[in-house]
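Here's the structure, in structure tokens; my notes come after.
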């Protein structure tokens, strides 16, 4: 049985025939001097190669002499003492299951050899300056052969037109890894519930998340965790995590881990002291109700715009009940009055990247959902600190609830449904620790 990476490469070869696709690994970056940032392979490269080493290039050549070629670092005992083992050229064919493997030092030669006579080149220009120069240099060299009867690529196509459409729909292996990422993320969020009390610093709760991720075998966080207490929760991408929570406040935690190069993305909001006060609970249940209605709308043929519109309507009705806005629902929606309290979209694609690839519109209209797509559903309400239209007890409060949803042929599967999110569930867990 072919591995998923081989199946994907075959699908690409069929899609680009005749043509050549060249995908570079992610470059190594440095935080300072000779200290490297943590390395994470380029998603498109890993999607096709399943290979995590830097300084690698994958060439997929389709046509009469169709083949897959991997260029990679050679074995180097000296460097491996410092940086760890390398696969090496000799093992690459059998381990990565490509047709040919060469040292990365042969890249110029292999690009020239495989682009010669090719009219269509699939390559992402403008993403990696070193790669750009290598490709441009090769094309410049090939162009000089035209007078002698040679040919060179005259059509440049972004690989994302194929790869990113493929990545929108997850295969069984991806869904399995995503389920594991979400399971681990759920355990981490629960650990935060079981740990939190008023007075905790945001960075202490971030440490709980990261500890749970590491001890359960994840490769890395999917994104820098957001731990936002009190007014910090009104900052959508709060990152400093350096505030101490106060009694009576809510804490918003947006965090997910990565497993098998699949990203979880979960948000929960809960009371620092273990119990929602009546006003907090009322606002929280507005967001929860909007989320549940939006999730119920997920099915084949629905669009993210429709899901967003449902969430917006429910939030507007809730804002009316709180006395925050006076306009009727249609007016509040048409005039965008709600955007002061809900300024982001309800959903995004999820997968190898936390904001995953794939167009949201096709031919100028919203893309309909199909089975095996994965999206988030994450409505929220954010009440500015000085807004006098907001009840005083909610000013400076942010609430967001986010789950990861798989589109199925029957409708949807909430992959994160086991992560507690109702007020009663959250209070029950916290009361066991806080003794309330």
- Query: Hey, among the residues in the stretch 132-153 that are in a loop (DSSP other than H, G, I, E, B) and more than 34 Å from the chain's Cα centre (by Cα), which one's surrounded by the most Cβ atoms within 10 Å (Cβ to Cβ)?
  - Reply: 152
- Message: Quick test of your reading of the structure: residue 118 fulfils all but one of (1) at positive phi; (2) modelled with pLDDT under 95; (3) surrounded by 18 or more Cβ atoms within 10 Å (Cβ to Cβ). Name the failing condition by number.
- Response: (1)
- Task: Within the stretch 392-425, count every residue that is outside any strand (DSSP E or B) and under 23 Å from residue 319 (Cα atoms).
- Result: 10
- Looking at (1) part of a loop (DSSP other than H, G, I, E, B); (2) touching a strand residue (DSSP E or B) at 6+ places or on another chain (Cβ under 6 Å); (3) over 16 Å from residue 186 (Cβ atoms), which is the only condition residue 239 fails? (2)
- Give the number of residues within the stretch 233-248 that are buried (at least 20 other Cβ atoms within 10 Å of the Cβ) and touching a residue at least 60 places away in the same chain (Cβ under 8 Å). 2
- Which residues, counting only those in the stretch 318-334, are assigned to a helix (DSSP H, G or I) and surrounded by 15 or more Cβ atoms within 10 Å (Cβ to Cβ)? 318, 319, 320, 322, 329, 332, 333
- Message: Given the condition part of a helix (DSSP H, G or I) and in contact (Cβ under 8 Å) with a residue 12 or more places away in the chain, answer yes or no: does some residue in the stretch 68-89 qualify?
- Response: yes
- May I ask you to say which residue of 199, 160, 150, 217 is under 23 Å from residue 37 (Cβ atoms) and touching a residue at least 24 places away in the same chain (Cβ under 8 Å)? 217
- Test each condition in (1) within 28 Å of the chain's Cα centre (by Cα); (2) surrounded by 13 or more Cβ atoms within 10 Å (Cβ to Cβ); (3) in a helix (DSSP H, G or I) for residue 20 and report the one that comes out false. (3)
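The values are calculated or read from the model by the stated rules, or taken from the named source; none is laboratory data. Note that this is a predicted model, so its numbers are computed, not measured. Here Cβ is always computed from backbone atoms with ideal geometry, including for glycine, and neighbour counts include all displayed protein chains.
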